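Single-structure report; data block below.
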Amino acid sequence: MYTSTEDARSDLFLSGAVYVIGPAAFQIVRNVLRLDLIPGVTVVLALVIPVATTALVPYLLMRYRNESFGQYGYGAGLPPNFGVGLLLALPIVVASVLAGTITQGEPLAGLGIVGLLLGSPLAVVQRVLTWVGLGFLAVYVTVKARDAFRSDYRTVRDETIALGRILGMVAAAAVSIALLFTAPGAGGFNGGQLVAAIALLPLGVAASVLLVIQTLRGPSATSRATMLTPVVLLALGPFQLAFNVSELALTVAFAVAYAGVGLVIAALQESRRSAVAGLGLTLAIALLSTL
């Protein structure tokens, strides 16, 4: 599959812009038209918005370019690659369970599907659509970045290690600042609970990055721009500006966690040329964690 540099960049920027700006745009339209007053619209929007802001635009662009799902690696290596994705999600699931145990005294509270089912089954569907859509978007922009940006090539392993180190340092700094500027007992947490609430999920993602590095084999080639694209894009999703130092640092920590998931998907896509592993990863995160 080959797309000209100009076409690849336009496709990449359009899909990224919809992901970053789309939720705010939907919210503005929702408020102006007062759509929530219409019976049933709230449920429909809860299911439509996660898909419309992540997977819809890439899908439409694929149709426009006459590209198949197979060109993006869907169906390649099923089910072995799907199992690899599930394995890579394990550290995130463990971190989520530990966080639920420490903060709420209940391990099952860290399993996303359990807490969501107790609250609202709709939330389960919404969460699955959100994470699967994010995985689809991350795979799409990784592939598009190959043609959109030209740069020096290096191995997937080396680039994953380099970007992983940067993300790890940013996360460590953000967590440290959040703990430093958070008052003791804030939000009903004691010191140990607060550490768990802030640090465990980013640590779980870091463990997933280390695990994916161990699975990388062979001299598979990539570029920094290709690997960096899904990392930056997924980080922009949960990031929000805040005037409180601890809240801003905490937002940065979770943005880095999302960026780490983007790095894992990029490494899998570039090393295996299969989107199936990324699908297994995001599906497990959606159902078995609180990230």
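With an 8 Å Cα cut-off and a minimum separation of 6 or more residues, compute the relative contact order for the chain in percent.
32
Specify whether the C-alpha gyration tensor of the range 34-87 places it in the rounded, prolate or oblate class, a ≥ b ≥ c being the square roots of the eigenvalues: rounded for a/c under 1.5, otherwise prolate if a/b is larger than b/c and oblate if not.
The shape class here is oblate.
Over the Cα atoms of the range 1-104, each weighted equally, I'd like the Debye log10 I(q)/I(0) at q = 0.18, 0.19 Å⁻¹, rounded to two decimals.
Result of the Debye calculation: -1.04, -1.05.
Quick one: what do you get for the range 199-291 if you divide its Cα Rg by 2.2 N^0.38 Å? Each step should come with its number before you reach the end.
Details: Rg = 14.0 Å, N = 93, 2.2 N^0.38 = 12.3 Å.
Working it through for the range 199-291, the quotient is 1.13.
For the chain, take the alpha-carbon Rg, divide it by the Kirkwood Rh, and send me Rg/Rh. It would help to have the intermediate numbers written out before the result.
Numbers: Rg = 19.0 Å, Rh = 19.7 Å.
Taking Rg over the Kirkwood Rh, I get 0.97.
Which of LEU86, VAL43, THR5 sits closest to the plus end of the dipole of the chain, meaning its Cα is farthest towards the positive end, when Lys and Arg get +1 and Asp and Glu get -1 on the C-beta?
THR5
Starting at the first residue of the range 64-73, write each ³J(HN,Hα) from the Karplus equation 6.51 cos²θ - 1.76 cosθ + 1.60 with θ = phi - 60°, in whole Hz, x for Gly and Pro.
Going residue by residue, I get 5, 8, 6, 9, 9, 5, x, 5, 9, x Hz, with x marking Gly and Pro.
Taking K and R as +1 and D and E as -1, what net charge do the other residues with C-beta under 12 Å from the C-beta of ALA76 add up to?
With Lys, Arg at +1 and Asp, Glu at -1, the neighbours total +2.
PRE reach from VAL41 (point 7 Å along Cα→Cβ): which of the range 4-24 fall under 17 Å by backbone N?
Answer for the range 4-24: 24.
Putting +1 on Lys and Arg Cβ atoms and -1 on Asp and Glu Cβ atoms, find which of THR103, ALA284, ALA76 reaches farthest to the positive end of the dipole of the chain.
My answer, from the dipole projection, is ALA76.
With a 1.4 Å probe and every protein chain left in place, work out the accessible area per residue of the chain in Å², rounded to a whole number.
47
Pulled fully out, how much extra length does the chain show between ALA173 and LEU210, if you take 0.36 nm times their separation in residues and subtract their Cα-Cα distance?
Between ALA173 and LEU210, full extension yields 11.4 nm more.
Hey, what do the phi angles of the range 84-91 turn into as Karplus ³J(HN,Hα) couplings, whole Hz, using 6.51/-1.76/1.60 and θ = phi - 60°, x for Gly and Pro?
Calculated HN-Hα couplings, in order: 4, x, 4, 4, 5, 7, 4, x Hz.
Connecting C-alpha atoms closer than 10 Å in a GNM of the chain, tell me which of THR101, THR42, THR130 has the biggest fluctuation.
THR42
Compute, for the chain, the length of the dipole vector about the Cα centre, with Cβ point charges of +1 (Lys, Arg) and -1 (Asp, Glu) only. Units Debye, rounded to 20.
340
The values are calculated or read from the model by the stated rules, or taken from the named source; none is laboratory data. Just so it is clear, the model here is predicted, and its values are computed rather than measured. For neighbour counting, all protein chains shown are included, and Cβ atoms are generated from backbone atoms with ideal geometry for every residue, glycine included. Ligands, DNA and RNA are excluded from the accessible area calculation, which covers all protein heavy atoms including side chains. Shrake-Rupley method; radii C 1.70, N 1.55, O 1.52, S 1.80 Å.
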